[in-house]
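K.L.:
Here it is: the structure, laid out below.
Rule-based calculations on the coordinates, nothing more; no lab input. Just so it is clear, the structure is predicted and the values come from calculations on it, not from any experiment. Virtual Cβ from ideal backbone geometry, glycine too; neighbours counted across all protein chains shown.
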Amino acid sequence: MATETAAATGGQASPIALEEAGICVDSHGGAIGLPQLCPDWMGNQIFWLAVTLVIIFFVLSRIALPRIAAVLAERQGTITNDIAAAEDLKVKASEAEAAYDKALADARSDAQAIVAQTKADIKADLDAAMAKADAEIAAKTAEGEKAIAEIRAGALDAVKEVAKDTAREIVAAMGGQADAKTVNAAVTSQMKG
Amino acid sequence: MATDVNGAAEQSGGLVFHPMDQFIIKPLFGDGGVGIFTVTNITLWMAITVLATIALLVLGSSSRSTIPTRMQSIAELAYGFIRKMVEDVAGRDALPYFPYIMTIFMFVVMANFVGLLPGAFTSTSHIGVTAVLALLVFFSVTIIGFVKHGAGFLSLFWISAAPLPLRPILALIEVISYFVRPVSHSIRLAGNMMAGHAVMKVFAAFAPMIIISTGIGLVVTPLSILAIAAIYALEVLVAFIQAYVFTILTCVYLKDALHPAH
């Protein structure tokens, strides 16, 4: 209706007069004054704004906001659970590490015990072998000494024999009648001397 | 007179400036007048605003996935942004009013952005629309204040921190500023939206200069196109900032109603 009035009066009247008359659109469809202030259109804006706000409010409060809140809460829950699970796993990992360390320490002390044991065994064997060897050496030495003594005694007898024989032969060679007993006694006393 | 000049200019092929025509409300069907229930361009663009809101917040969050899609993270961002604003500015006891404030924010921000589409109608550039929003906030906040605190709500105007002789003067100023709130609240938003869109139209009207005069047009046309791009970028910023300002002021007013003592 504003347009019709504008068309009826348009062209002649000044825009200010038209605006004061409550006309918002001129005969060419252009705006007169601020379209925002046109009283004819206010009711329409307010009605459709009310409809829009009511729709948005119901869509938000019934569907969108509870859903987003639920998603966010669920995500928060998931994150909390995951962090708790991670804490559990961390505790488990440190327990496993402690167990590993303990096993390592045990193994090390076992190994040391075995080493010490082995060393002791070896020492004992060695000592036994040494003692045996010493005894054998001692026996051999005694045997050797005995053999040397025998040889030495044998050699002395042989020297006596040779000396008696030689003395007898020398006496005979010099023309003397050598009585074997006398020669022998002489030689024996000489050798003792 | 001016109309004649305009008409003559259109016929002679001069520059045509109609920066305010984009704010005219027209019926979508037929040529009749605009009654209260007429389906107009404002109906269409408010419906688009509603659909955009639904697309973002309802369809965007429809997968309810723990690891959000892009749409869902924007929806969650908007939700978290306004919820945190309500909580930080107005306090935890304002959270029951969060859906109302979210409604206002989503309407204003979507209307602002939808209005930036070329050829669109910006419903928030109409003072009638923003005044209703601001009065809605003003009356709700005042009613909440009186319901929660009774006459104690009036302590909002009685600044006990000030020296006693000054208090009546300050009370007068506070009362005036309280009643000016809906005016500034609504004109700030409508004025910003209207000004930006009108400026864009003015720059756009300079663009055909090259058709009229090649010499001047070689300078003016590229400059006006550049200016439109720059203003458009600014308007994208303004579209969000004004929605933010409108919402945070709503929160501030709500805070005054919930905690009137200074």
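K.L.:
Mind giving me the nanometre distance, one decimal, between the label points for B:SER140 and A:ALA111, set 7 Å out from Cα along Cα→Cβ?
P.N.:
About 7.6 nm, to one decimal.
K.L.:
Using helices alone, I'd like the mean residue ellipticity at 222 nm for chain B: each DSSP H run of four-plus residues gives -39500 (n - 2.57), total over residue count, nearest 500. Write out the running numbers ahead of the final one.
P.N.:
On the way: 8 runs with 170 residues, N = 262.
Roughly -22500 deg cm²/dmol at 222 nm, from the helical runs in chain B.
K.L.:
Going by alpha carbons, how many degrees (0 to 90, nearest 10) lie between the helix axis of A:39-58 and the longest principal axis of chain A?
P.N.:
30 degrees
K.L.:
Next up: Using the Cα centre as the reference, give the magnitude of the dipole from point charges on the C-beta atoms of chain B (Lys, Arg: +1; Asp, Glu: -1; all else neutral), rounded to the nearest 20 debye.
P.N.:
Details: 12 positive and 11 negative charges, 131 e Å.
Using only the charged Cβ atoms, the result is roughly 620 debye.
K.L.:
For region A:82-99, what does the Karplus curve 6.51 cos²θ - 1.76 cosθ + 1.60, with θ = phi - 60°, yield as ³J(HN,Hα) per residue in whole Hz, taken in order and with x for Gly and Pro?
P.N.:
For region A:82-99, the Karplus-derived couplings read 4, 5, 4, 4, 5, 4, 4, 4, 5, 4, 4, 4, 6, 4, 4, 5, 4, 4 Hz, x marking Gly and Pro.
K.L.:
Need the list of lysines near B:LYS26 for cross-linking: C-alpha distance under 20 angstrom, and skip anything on the same chain fewer than eight residues off.
P.N.:
Answer for B:LYS26, where 20 Å is the Cα cut-off: B:LYS201, listed by chain and number.
K.L.:
Same structure, new question: Where does helix B:127-149 land angle-wise versus the long Cα axis of chain B, in degrees 0 to 90, nearest 10?
P.N.:
Between helix and principal axis, roughly 0 degrees.
K.L.:
Let me have the 222 nm mean residue ellipticity of chain A computed from DSSP H runs of 4+ only, each contributing -39500 (n - 2.57), with the sum over all residues rounded to the nearest 500.
P.N.:
Numbers: 5 runs with 156 residues, N = 193.
Calculated at 222 nm, the ellipticity per residue is -29500 deg cm²/dmol.
K.L.:
Taking amide H positions as placed in the peptide plane 1.01 Å from N, state which residues far from A:VAL25 in sequence (5 or more) or on other chains have amide H under 5 Å from it.
P.N.:
A:ILE32
K.L.:
Quick check for chain A: number of Lys pairs with alpha-carbon distance under 27 Å, counting only pairs 8 or more apart or on different chains?
P.N.:
16
K.L.:
Over chain A, what is the relative contact order in percent, taking alpha-carbon pairs closer than 8 angstrom and at least six residues apart? Please report the intermediate quantities before stating the final value.
P.N.:
Numbers: 57 pairs, mean separation 16.5, N = 193.
Relative contact order comes out at 9 percent.
K.L.:
May I pose another question? Just to be sure I understand the model, the point goes 7 Å from the Cα along the line to the Cβ. What's the resulting B:ILE211 to A:GLU143 distance in nm?
P.N.:
Distance between label points: 13.8 nm.
K.L.:
Restricting to Cα pairs below 8 Å that are 6+ residues apart, what does the relative contact order work out to for chain B? Please round to a whole percent. Could the numbers behind the result be given before it?
P.N.:
On the way: 281 pairs, mean separation 67.9, N = 262.
That works out to 26 percent.
K.L.:
Another question, if that's okay. Hey, can you grab everything whose amide H is under 5 Å from the amide H of B:THR40? Only 5+ residues off in sequence or another chain; H modelled, so Pro and N-termini drop out.
P.N.:
Under 5 Å from the amide H of B:THR40 lie the amide H atoms of B:LEU28, each far enough along the sequence or on another chain.
K.L.:
Let me ask something else about it. Considering the protein assembly as shown, which cysteines have no disulfide-compatible partner, defined as another cysteine with its Cβ under 4.7 Å away?
P.N.:
B:CYS251
K.L.:
On to the next question. In which sequence would B:TRP158, A:TRP41, B:TRP45 go, from the one with the fewest C-beta neighbours within 10 Å to the one with the most?
P.N.:
On the way: B:TRP158 15, A:TRP41 26, B:TRP45 21.
Result, fewest neighbours first: B:TRP158, B:TRP45, A:TRP41.
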